[in-house]
1. Show the residues, 5+ positions off or on another chain, whose built amide H is closer than 5 Å to the amide H of His62.
2. Show the residues, 5+ positions off or on another chain, whose built amide H is closer than 5 Å to the amide H of Cys96.
3. Set the Förster radius R0 to 30 Å, insert the Cβ-Cβ distance between Val119 and Asp25 as r into 1/(1 + (r/R0)^6), and round the FRET efficiency to 0.05.
4. So how compact is the chain: Cα radius of gyration and Dmax in angstrom?
5. What are the ³J(HN,Hα) values, in whole Hz, obtained from phi via the Karplus relation 6.51 cos²θ - 1.76 cosθ + 1.60 with θ = phi - 60°, for each residue of segment 40-47 in sequence order, with x given for Gly and Pro?
6. Which residues' amide hydrogens lie under 5 Å from the amide hydrogen of Ser73, considering only partners 5 or more residues apart or on another chain, with H built in the peptide plane?
7. How far is the Cα center of segment 49-72 from the Cα center of segment 100-134, in Å?
8. With θ taken as phi - 60° and the coefficients 6.51, -1.76 and 1.60, list the Karplus ³J(HN,Hα) couplings across segment 58-67 in order, rounded to whole Hz; mark glycine and proline as x.
Amino acid sequence: MNQTIKFKVRNSGLIRLKCFKDLPDGNLFIAESARQIPFDIKRVYFINTLANPKAIRGKHAHRKLEQVLICVSGSFVLHLDDGRHKQHIRLNDSACGIRVGPLLWHTMSSFSYDCVILVLASEWFDESDYIRDHDVFLQAAARGQRPRSSRTAR
Ligand code: T46
């Protein structure tokens, strides 16, 4: 992963984990709330066994949820869309994660056979936080991106 990614989408960014390099006896990576991770972690989950190379996951945005996605093994491509800008990032470095904040449509694809995605999340699972319709997402993103002055216009 390019550690100098220029983020065009909002509510995202590169997260560098703390690392103790101990090769050839392994590397130790650390993610702590309020240190490397910009929120309190309430939930951890991971995705593995991505045996279908054509698999596509995600295709939704969250209203409030904050997450950090870490590709701890293999690689995949993360597509981000904030309703105005889009970009895709290839994740293949377990030393870094990508912040996926609220109102960011995200899709994952092009998984390597050995891909494992570790996700740190700011909230417990809540289906009502999902926006799974892209048109509804675009409306919500447009409201979220409106300048403060026009939000209060009568
Ligand atoms: C993201 C990627 C990496 C739960 O019951 N609890 C959970 O914590 C989660 C994450 C999912 N589920 C249920 C809800 C669905 O019925 O598992 C099913 C599949 O979940 P989802 O559609 O969220 O799966 P992905 O892989 O498309 O997306 C998830 C995250 O939602 C997403 O934000 O970044 O993993």
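1. Those lying under 5 Å, H to H, from His62 are Leu103, Leu104, Ile131.
2. Residues meeting the criterion, in which the H sits 1.01 Å from N, are Leu17.
3. 0.65
4. Considering the chain through its Cα atoms, Rg and Dmax are 16.3, 65 Å.
5. 6, 7, 9, 8, 10, 9, 9, 10
6. Distant-sequence amide H within range of Ser73: Val116.
7. 4 Å
8. After applying 6.51 cos²θ - 1.76 cosθ + 1.60, I find x, 6, 7, 10, 10, 6, 10, 4, 10, 9 Hz.
Throughout, read-outs are computed from the coordinates displayed, never taken from laboratory work. Note that this is a predicted model, so its numbers are computed, not measured. Note that each Cβ is placed from the backbone with ideal geometry, even for glycine, and that neighbours are counted across all protein chains shown.
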